[in-house]
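Presented below is the structure to which this report refers.
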Amino acid sequence: MVGSWKPCPQVLTDSIPDGADVYFEGSRPFISEPSFFLEYPAEPNVFTLNGYMFTLLGLYDWATEAKSSEARDIFNDGIATLEKILPYYDLGTFSAYDLSYITHSRLPYLQPRAPHIAPRYHAIHIAQLRALSSVTGENLLKARADKWQGYAEGKQL
């Protein structure tokens, strides 16, 4: 029924089982619970970038259209996390689809993975960063989009 739905923010703010830091022992942990929104559950979690940024764009729409301060707070926390984690996705020539190359190497029962890269996701990441930069005014997001656009054009920056 149109108009009968209610927002359910607890879906976005439930903690990741065992916390994200379990995957990043010995390296700089970057995720402060509960600010990483998983596109899909996996064991171990792979922290998919495009799904995370699509969630942020949806949160922005929710906060704006519903004038929800709760959604705005979750969105702002998510943007702060995005700014911290972007360097982990930057491979110097391409953006990584996810962080499985990190999470799989931290668990002794899994073989380390090479970074998952795909031109279509690289283009999506750039477009998402530009969209998020336009709604937040965050120069760091625009700078990363420009850098990744340079990779797509064959420039290593």
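The residues of region 73-126 that are under 23 Å from LEU140 (Cβ atoms), charged (D, E, K, R) and assigned to a loop (DSSP other than H, G, I, E, B) amount to a single one, ASP98.
Restricting to region 95-116, give me the number of residues that are modelled with pLDDT of 95 or more and out of contact with any Ser or Thr (no Cβ under 6 Å at 6 or more places or on another chain). Qualifying residue count, region 95-116: 3. Being more than 19 Å from LEU38 (Cα to Cα) and among the aromatic types (Phe, Trp, Tyr), is that true of even one residue in region 101-109? Yes: region 101-109 contains one or more residues that are more than 19 Å from LEU38 (Cα to Cα) and among the aromatic types (Phe, Trp, Tyr). Looking across region 127-142, the residues that are touching a residue at least 40 places away in the same chain (Cβ under 8 Å) and assigned to a helix (DSSP H, G or I) come down to GLN128, LEU129, ALA131, LEU132, VAL135, THR136, LEU140, LEU141. For region 104-139, a residue qualifies if it is surrounded by 13 or more Cβ atoms within 10 Å (Cβ to Cβ) and at positive phi, but none of them does. Scanning region 84-107 for residues that are without any contact (Cβ under 8 Å) to a residue 60 or more places away in the chain, touching a Pro at 6+ places or on another chain (Cβ under 6 Å) and of a type in the set (Ser, Thr, Tyr) turns up TYR101, SER105.
The values are calculated or read from the model by the stated rules, or taken from the named source; none is laboratory data. The structure displayed is predicted, hence computed values, not measured ones. Note: ideal-geometry Cβ built from the backbone for every residue, glycine included; neighbour counts use all protein chains shown.
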